[in-house]
Each structure stands twice: as structure tokens, then as C-alpha cells.
1. Can you tell me the orientation of helix 310-324 relative to the chain, as the angle in degrees between its alpha-carbon axis and the longest Cα principal axis, to the nearest 10?
2. Contour minus end-to-end for Ala253 and Arg31, with contour as 0.36 nm per residue of separation and end-to-end as the Cα-Cα distance?
3. Which FRET efficiency, nearest 0.05, do Ser423 and Gln296 yield, Cβ-Cβ r, R0 51 Å?
4. In the chain, if every C-alpha pair distance is counted and binned at 10 Å from zero, what percent goes to each bin?
5. On a 0 to 90° scale, report how tilted helix 330-340 is relative to the longest principal axis of the chain, with both axes built from alpha carbons and the result rounded to the nearest 10.
6. Lys/Arg Cβ at +1, Asp/Glu Cβ at -1, dipole of the chain taken about the Cα centre: which of Ala554, Leu340, Ala586 is farthest positive-ward?
7. Name the residue from Val49, Val76, Gly25 whose Cα lies farthest towards the positive end of the charge dipole of segment 1-106, charges +1 on Cβ of Lys and Arg and -1 on Cβ of Asp and Glu.
8. Can you compute the FRET efficiency between Arg285 and Ala22 using 1/(1 + (r/R0)^6), with r the Cβ-Cβ distance and R0 = 30 Å? Round to the nearest 0.05.
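We did not get these values from a lab; they are worked out from the coordinates using the rules stated. What you are looking at is a predicted structure, and each value in this text was computed from that prediction instead of being measured. Neighbour counts are summed over all protein chains in view; Cβ atoms, including those assigned to glycine, are modelled from backbone coordinates with ideal geometry.
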Amino acid sequence: MAVGMDERLQAVARVYEDAVAADEGELRQVRRRIYRVGTLKLLLFVAGVASAWWLSGQGAWVVVAVLVTLLAAFLVLVVRHDRLFRRRDFLEAEQEACRQELSALKGDYSCFDGGEDYADPSHLYTFDLDVFGGRSLFQCVNRTCTFFGRERLAAWMMRHLDRKEEIEERQEAVRELAGQWRFRRLFRVNGLLYKGQPSDGKEVMEWLKGENYFSSKLFFRMLVAAVPAVNLLFLALGVAGVLSFSGLGMSFAFFVFASLLLQKRITVIQSSYDKRLAVLSVYVRLMKLVEAGRWQSALMKEAARRLQAAPEAVRRLSSLLDGLNQRNNLLASTVLNGLLFWELRKVMQIERWRSRYASMLPGWLDAVGQVDALCSLAAFAYNNPDYAWPEIASGAFVLEASRMGHPLMDRSRCVRNGVDVPSKPFFLIITGANMAGKSTYLRTIGVNYLLACIGAPVCAEWMKVYPAHLVTSLRTSDSLADNESYFFAELKRLKLIIDKLKAGEELFIILDEILKGTNSVDKQKGSLALIRQFMGLQATGVIATHDLMLGALAGHYPDHIRNFRFEADIMGDTLAFSYRLKEGVAQNMNACFLMARMGIVVDEAE
């Protein structure tokens, strides 16, 4: 157990450790059984060979009877062996999931998907706040096990909620799932057992839009109806003595030959369908788990209601695909095609299934994805029992929090600070020295604001927030591909913010060092003008700056601007940071001190 965890975190760690230990005990038993059953299978095989040789003189019927008995026992052991292997794989996956959570409790999220493909430098806030990528918020939160859950969780982080009712409804579902640890583990492990590709979910959706080649054509519909009817007719005529049974044999042979003409196309269809079955067989297990739950929250009740008919319908598809796979058995395929035109019949039944359920399946998959994403937020809540559930405000803007920290920082080293934005328009201006904590503080505010607006708990003792749209400008970059300078890129972001404000959009703005790409005189003049324009547009936010002159704005807007600072304490040759937020404008700057420490000569006379 990790040293330094408080009692609540230790209790969570014990749950995972106990689960790993319990699974290890059962795993040992299952592995022993696998070995025993494997040994019995080998012995039965040897016994079969020995019996065939030993009893060869006793007559064919005796040999056949013994071999059939041994074969039946062997097949029972094969089925048992397969079940044991599946149980072993499940237990190993459960253990791995719990070990991953133990690593997460220690701050190591490297085993989880960081969603690098969602990273977008032009996004309103995700790039600035490290929402995607390595050591990101997404990697910290993400426990999704399905393509649709991953997409849903990423979408929530890229487009947070802005209505109090919706946030509280999601909070309710996350709280409920946070208390359903065993359900969440079962849900995730079942999803992780499918070793597919992230693109498989997309392929299922594309398959739903595919063309029904056979069932849409009258000729093929008449053919599958005629084949068994013709065979039945020849059988009846043979029994009645009107024709010899050779007629049935000829019709059988003709239909087998005719089915061969469709083999190439049906093989292509079967290979594509098999992949979809593998994906959907996972989803049907997840659907059954959700449907079987007794839920109290509105979102989970709605998900269960949407999935009521889903498991049976998907099981039907699975049965049809299993039937089509009989073509892999040459003898069975020949008999079934000759009598019933089996392969074409099954393909057409699958096409009709798709026609019937194509409009419903996306909704079912969406419901599974929603539950998957909610389980991620619930795991985040469960793993952080010291986090607070934010109060969501309505009416006027407010952002208040006490002892707020960054969820990705080590708990033992995280210095917590509060924030107080009591009304609109209102700006906090944060001044301070290099490395004193300004940028980290801005990201702490932004990340917790985002967590609150997606229905998750926040890294704070207490928080109240009004869900305006979050916009940041913390690490604007230039673009060689677009022939765009750093300064111009920053201006574009500021213009976007102003355009949104003029359009009446409610924003919460976080800016770090306005107009970094220009000279100090222009920067100061432009920064003062920008903040005044923000005040005129009734904007609200937080701005960090090295420019101490911006602190003078509090005198012009005493009810709408407050100054806070992060100080660097220089004592002789020592530079110390408290990372504590204090009121007022910063007094100590450290650029010259740091340059001197690096061996860069600074002429203080100048």
C-alpha cells in the first residue's frame, strides 16, 4: 500500500488489493483444473488408440461403441477445457484491471489510453489544459472499454455541458456508478476481453449502411423458397412411387452445384460479418449487464430502457452468423446447400435483420457508449474519495472554490489555493515571478472547471460554479504550415473570444500573458485596452501576467477586478517559492536572479 495515502485512499487501495488476491486464489485453482483436464484429454486420446488396437479382434461394433463413448467423453472435456480457459482469461483481465487502478492511485496513468488522436491545438481549451495526450486529464479519467464509450468521453471533454439540470443529472448517474464497483469492473473487463481494433466500432456503423444485395432481388427470394419445395416434391413423388429417388438425387446435386456459383461473394460477406459478430458479441454482454441492473439515476434508467430489446435482437444476429458459419464444415455445408440452399438463406436472413434493426442498433450502441463513459467518470470519483462534488449555480455567474489543486499533481506535493470570482463582469489578475506558480494555477482552475461541467467531482475542498463556456489562451503556437506568426495566432484567438462575447455567448476566459508575441510597450498598451474591452462586454475570467502595470486596473474597476500574486522569496543566493496565492500585486521578480545563476552577466547599472 502506498505510503502517504490518507485513510480514504487506503480503503480504496485495499478493495483493489483484496480483489487481486481473491482472483489469484481462484486462478491457481483454474490453472490446476486446466492441467488436469488437458491430461485427461491426452489419456482419452491414448485410450482410444489403444482400444482400437486391443479390441480390433472383437468385432467392428464393439470397437465403434468404445470409440464413440471415448469420443463423447473427449468432447465433454473439450467444452470444459474451453470454459476453463475463458475463466482464466477473465480472471487475469480482472487482476490486470485492478493492478492498473492501484498504479493510478499512485499517480501512474501510463497504462491507460491518453486519446492522443483527439489533441487539437486550435480547440478552445483542450490543448491549453492538457486534456488529451500523455499525462493528460483524459488519460487520468479514461477507463472506457468500447469504441463508442471512448468517443463519448472525448466528446464530453471537448464540449462540456452548460445547463445546470444536465450537469446535475450526470452527477447523479456518476455518483450511483461510483458505488457500483463490481458492476464497473465486470463491465470493463468484459469489454477489454475483446482484442479488436479501435476502428471496429466504425466498421459496425458502416456495415449497417450497407446494401442488401440478395434479399432485395426477387430472383433470390424465389430461389430460396423454391429449393426446399422442389426437394420436398421429389421426395414425395419418390415415396409415392411416381418417380424414382434418383430425381431427388439429381435435384440435390443441381442445387449443390448452383450454390457453388455464389461461393465467392458469400465468402466475402461471411468474412466481413465474422468481424462484426466479434464486436457485437462483446456489446451484447455489456447490454445485458446494463439491462439487468436496478438503477435509481435517471440516465442509467434511460440507458436500461433503451437496451430492453437489444440483447435478444443481437443474440438473434449471432445465431444467424453461427448458422452461416456451418459452411466451414464441408460435409454439413454440402448437405444443407443441396437441401435448403442454406448459405444464401442465412445471408438473406442476416440482410433482413439489418433492415429491421439498422435504425435501432446505433441507439443501442450509443447507450452502451454512454454507460461506458459514465463508468470512467465514476472510477475517477471512486479513486478520489477526497474530491468534492461541485455545486452548480444558476442565474448569475459565480466561481468559488477552496483548497483547489490540480488532479494530475502528486498529492504530497500539490499546493492548494482558492478562487473567488463572485459576479459578472469580473477578472482576477494574477501577477508573479517566473516559476512562481501562475500557469499551474490557471490550469488548475481550468481543469477543475471542466471537471465540474462534465459532471465529475473536482480536486477541491468545496466548489460552486456557473457553467459558462470555457475559453483559454495559455500556449498559443505559431504555424509554419499556415504561414502564421505566434503573435497573429494569439490575435486570432483573442478575436474569436471577442466575437463570441459580442454574439452574446457566456464565457469564462483564462489567459496567460496577453500579447506575448510583441514588444513591451505595445504589449502593455494592448493588454490594458483588451481588458477594458472585456469589461465593456461583461466578460469574466482570470488573467496571469508579468506586467505589474495591469494591477493598476483594479483602481479603475474596484468592484470588478481584483489583484492576486505568487511571490518568489530571494534570500541571498537562495530562491524559494511557496506557491501560495496572496492578495495584491507581486513585489519580487526573479529573471535577473535566474540569469545570474546561469552565468549570464546582468549589468544592474543599466
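1. With rounding to tens, the tilt is 50 degrees.
2. Numbers: separation 222, 0.36 × 222 = 79.92 nm, distance 4.92 nm.
So the extension gain works out to 75.0 nm.
3. Numbers: r = 36 Å, r/R0 = 0.71.
So, using R0 = 51 Å, E works out to roughly 0.90.
4. P(r) over the chain, rounded to whole percents: 3, 13, 18, 18, 16, 12, 8, 6, 4, 2, 1, 0, 0.
5. 80 degrees
6. Leu340
7. Highest projection toward the positive end goes to Val49.
8. On the way: r = 22 Å, r/R0 = 0.72.
The formula returns an efficiency of 0.90 here.
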